[in-house]
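What follows is a short report on a single structure.
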Amino acid sequence: MHNSIDAGPFAALARQFAAWCHTPHNGKPTGQITREALEQLAAVYAAGLQLPTVDFHVAPDPPARTADQTSKLTKNLSALPFQFYWDVLEPLSLAHHQELGSGDLQDDFLDICNDLERGLWLFDNGHAMAAIFHWRQMFFHWGQHAVDAMRVLHMFRHG
């Protein structure tokens, strides 16, 4: 039954997100890049909510991103309207004094892109079920980065 699961729609959105991250954005107006970033985040997050639960599948480890690839990606993402923001570390705690931390918007995008691209490598190399398993297992990680980034970009755009 799992073999009938079509990972193609999620893979297409993951690929679109990664392509956006790998595109130079310098020179774009702040409003445009903010809107595009929110659209990319919202689309891939919504699709991530629909990922099916699949059993673990043995597959090779995807290659790590090179330092040069990371540098180029970071340069592209430096066009985001800001880098650092404040974050409440335990938002579900209703304690009187909340501990604050800082977030990094570039890091949010880098981590999301990395998690999605590792799954894309599996998908592109014939391991579709392992790709779905990876995306689903890592959703807690990349999904949290997506939610954090959407929240602060939304506040930046509309606040």
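The values are calculated or read from the model by the stated rules, or taken from the named source; none is laboratory data. These figures come from a predicted structure and were not determined experimentally. Every residue, glycine as well, gets a Cβ built from its backbone with ideal geometry; the counts of neighbours run over all protein chains shown.
Worth a mention:
- Checked against (1) under 17 Å from LEU41 (Cα atoms); (2) of a type in the set (Asp, Glu); (3) touching a residue at least 40 places away in the same chain (Cβ under 8 Å), ASP104 passes all but condition (3).
- Looking at the stretch 61-152, the helices (runs of 4 or more DSSP H) lying wholly inside it that each contain 3 or more residues that are among the acidic types (Asp, Glu) and under 21 Å from ALA11 (Cβ atoms) sit at 105-124.
- ILE132 being among the β-branched types (Val, Ile, Thr), surrounded by 14 or more Cβ atoms within 10 Å (Cβ to Cβ) and within 27 Å of SER71 (Cβ to Cβ): no
- Number of the exception - SER71 against (1) surrounded by 13 or more Cβ atoms within 10 Å (Cβ to Cβ); (2) among the small types (Gly, Ala, Ser); (3) modelled with pLDDT of 95 or more; (4) over 14 Å from LEU41 (Cβ atoms): (1)
- Condition check for LEU80: within 22 Å of PHE139 (Cα to Cα), surrounded by 12 or more Cβ atoms within 10 Å (Cβ to Cβ), under 17 Å from the mean Cα position of the chain (by Cα) and modelled with pLDDT of 95 or more: no
- Matching residues in the stretch 135-159 - criterion: being hydrophobic (A, V, I, L, M, F, W, C) and buried (at least 22 other Cβ atoms within 10 Å of the Cβ): TRP135, TRP142, ALA146, ALA149, LEU153
- Residues located in the stretch 107-130, provided they are under 19 Å from ALA146 (Cα atoms) and in contact (Cβ under 8 Å) with a residue 40 or more places away in the chain: ASP108, PHE109, LEU110, ILE112, CYS113, ASN114, LEU116, GLU117, ARG118, GLY119, LEU120
- Within the stretch 18-60, being part of a helix (DSSP H, G or I) and either modelled with pLDDT under 95 or aliphatic (A, V, I, L, M) (or both) holds for ALA18, ALA19, ILE33, ALA37, LEU38, LEU41, ALA42, ALA43, VAL44, ALA46, ALA47, LEU49.
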